[in-house]
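Read through the structure below, which is laid out as structure tokens, and then see the notes.
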Amino acid sequence: MSWGTELWDQFDNLEKHTQWGIEVLEKYIKFVKERAEIEINYAKQLRNLSKKYQTKKNSKEEEESKYTSCKAFQTTLNEMNDYAGQHEVVSENMTSMIMAELTRFVQELKQERKSNFHEGRKAQQHMETCWKQLESSKRRFERDCKEAERAQQYFERMDADINVTKADVEKARQQAQIRHQMADDSKGDYSSVLQKFNHEQQEHYHTHIPSIFQKLQDMEEKRIVRLGDSLKTYADIDRQVVPIIGKCLDGITKSADSINGKQDSQTVIESFKSGFEPPGDVDFEDFTQSIKRTVSDTSLTNSRADGKSELKISGKSRGKLWPFIKKNKGATPEDFSNLPPEQRRKKLQQKVDELNKDIQKEIDQRDALTKMKDVYMKNPQMGDPASVAQRLIEISNNIEKLRVEVQKFEGWLAEVEGRLPARNDNSRRQSALYETQNATTPVSNCAQDRESSPDGSYTEDQSQETEVKVTPTEFDDDFDDEEPLPTIGTCKALYPFDGENEGTISVAEGEVLSVIEEDKGDGWTRIRRNEEEEGYVPTSYIEVYLDKNTKGAKTYI
């Protein structure tokens, strides 16, 4: 089936149809363009969404990211970021492989269509011209025939009329002959033009127009095939990213399978474990030892004096703190002494690791600069060796400073690790605050081998002080007049301290107070204000001046 033979008389309809075909192609190009825009916008929104929920550095979320559930969520966010990348690939491929290619193809089609229809119009115009010539020749032949017929009739009338002279008759006869000759000439010209027109018409409808229409048919079929190929490409572009998107989704599934509740529970233990040992049983304190039913006034007085002396010891224990209380909100000490032992060990270890990484970076940079310096020395045209010498000196100084910092933190770390109980020790744990009371002693002198700090940290202390925690009873009123702890020195506050936690006391910068109990290695000093307020403050916040006659007197700065 050919347009040239079947649609030889449908020039205008074919012109409209081919124009419609190009418009369909342009409509499809517009559709692909909008799809590409949707894909790129969707990818952008996915990336922004993933970025919005990504763990921020140096934040609490970074600390929380060690849990398997949080890791799985972060993996999901990363996979969604890659997922967004595949939509960007779809957009880019549709733009380059479909839009750009079809746009060029449409321009070629328009040019080809324009050329073909221009050629068709020329052929039509030529046929119209030939037809006009034929019509003109035909009308002239018809006119000459009529003129010859009238001239013949006029001659016959003149010849039959006896009144007409012979000269007039001869003249009429000659005129009729001329008209007949003109009619014969017009007939010959008309016959020639007609033969030419028929030939041109044959060529037009059986050669020129079929050729032009065949070109248009080929063009239209090419457009249709190209549109089909583009639709396949459209599907293939999506299909190509499906495996990668599947891998992204598989990654999300795998991360979900990696969530381990038991492991996260263990991580919670490692994150919040203080390192304290649970407190032991509270010992029974027998106050009946100081009561004697039949005594003299003197012995009763002595007994009261003895009882007061013993109970004065217990009065001191009232200022001691429970190991598990809120953390101090003040400035964090450099050695993390405000943290519980286990957390302090982790922080110190983390600090040591960070410093070692910094040292390694400086060493790598130093090695690189050293190589550069050697190259400059061998090839002066490449650079001046002195230009890197100063930087090498700075790096060496930085490395030395970092190593000093590492030694300092490693010292604190060794100190903390020496105090922590063995992890595989299955022996009976001692009380974190008290030792077992001596059964033969009326009022036990139990040494507190571990003291708690206001923020929950502790220190081991083999102090010779004898302390007993007295449970508040109705006898407390009898001991309200006990003597306060003696002052062993003074201190000056270097920084303000809020003292919001239980057992602490707030101080203002520059304030001078009395010291009643020195730092036993836990980072806290007990002070008094106006013989009434007592409490602990961080040793690093004050400057202590102990009395010279105090045993082990020293100054803390």
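The values are calculated or read from the model by the stated rules, or taken from the named source; none is laboratory data. Bear in mind that the values here come from a model prediction, so they are computed numbers and not experimental data. FYI the Cβ positions are ideal-geometry reconstructions off the backbone, even for glycines, and counts take in every protein chain you see. Just the protein is used for accessible areas: all its heavy atoms, side chains included, with ligands, DNA and RNA removed. Shrake-Rupley method; radii C 1.70, N 1.55, O 1.52, S 1.80 Å.
Dipole size in debye (nearest 20) for segment 71-215 around its Cα centre, Lys and Arg Cβ +1, Asp and Glu Cβ -1?
460 debye
If you find the alpha carbon centre of segment 161-215 and of segment 117-146, how far apart are they in angstrom?
Each part reduced to its Cα centre gives a spacing of 13 Å.
Kindly give the semi-axes, whole Å and largest first, of the ellipsoid equivalent to segment 1-113, taking each as the square root of 5 times a Cα gyration tensor eigenvalue.
54, 11, 9
Counting only protein heavy atoms and a 1.4 Å probe, tell me what percentage of segment 125-227's accessible area is made up of carbon and sulfur.
For segment 125-227, the apolar C and S fraction of the accessible surface comes to 50 percent.
Once the Cα gyration tensor of segment 325-401 is diagonalised, what are the square roots of 5 times its eigenvalues, in whole Å and ordered largest first, as equivalent ellipsoid semi-axes?
Taking √(5λ) for each eigenvalue gives 43, 11, 7 Å, largest first.
In sequence order, what are the phi-derived ³J(HN,Hα) couplings for segment 215-226 according to the Karplus relation 6.51 cos²θ - 1.76 cosθ + 1.60 with θ = phi - 60°, rounded to whole Hz, with x for glycine and proline?
For segment 215-226, the Karplus-derived couplings read 4, 5, 5, 4, 4, 5, 5, 5, 4, 5, 5, 5 Hz, x marking Gly and Pro.
Can you work out the FRET efficiency for the pair residue 222 and residue 247, with r the C-beta to C-beta distance and R0 = 41 Å, to the nearest 0.05?
The pair residue 222/residue 247 has a calculated efficiency of 0.60.
For segment 341-348, take each phi angle, set θ = phi - 60°, evaluate the Karplus expression 6.51 cos²θ - 1.76 cosθ + 1.60, and give the result in whole Hz per residue in order, putting x for glycine and proline.
x, 5, 5, 5, 4, 5, 5, 5
Check which residues have an amide H placed less than 5 Å from residue 525's amide H, if you skip close sequence neighbours.
Residues meeting the amide H criterion: 537, 539.
Equivalent-ellipsoid semi-axes (√(5λ), Cα gyration tensor) for segment 95-188, whole Å, largest first?
Its equivalent ellipsoid spans semi-axes of 66, 8, 6 Å.
Over its Cα atoms, what ratio of radius of gyration to 2.2 N^0.38 Å does segment 145-245 give?
Relative to the 2.2 N^0.38 Å estimate, segment 145-245 comes out at 2.81.
What accessible area per residue, rounded to a whole number of Å², is obtained for segment 180-293 using a probe radius of 1.4 Å?
That works out to 66 Å² for each residue.
How high is the FRET efficiency between residue 408 and residue 64 when r is their beta carbon distance and R₀ equals 25 Å, given to the nearest 0.05?
E(calc), rounded to 0.05, equals 0.30.
How many Å² of accessible area per residue for segment 1-50, probe 1.4 Å?
It amounts to 66 Å² per residue over segment 1-50.
From the phi angles alone, apply the Karplus equation (6.51, -1.76, 1.60; θ = phi - 60°) to segment 99-108 and give each ³J(HN,Hα) in whole Hz, x where the residue is Gly or Pro.
The phi angles translate into 4, 5, 5, 5, 4, 5, 4, 5, 4, 5 Hz.
Just how many % of Cα pairs in segment 22-177 lie over 26 Å apart, if you round to the nearest whole percent?
Cα-Cα pairs of segment 22-177 separated by over 26 Å account for 68 percent.
Just to verify a number: FRET efficiency for residue 149 and residue 214, C-beta to C-beta distance, R0 = 35 Å, to 0.05?
For residue 149 and residue 214, the calculated efficiency is 0.10.
Which one, 176, 123, 197, is farthest towards the positive end of the dipole of segment 105-224 when Lys and Arg carry +1 and Asp and Glu -1 on their Cβ?
Toward the positive end, the furthest listed residue is 123.
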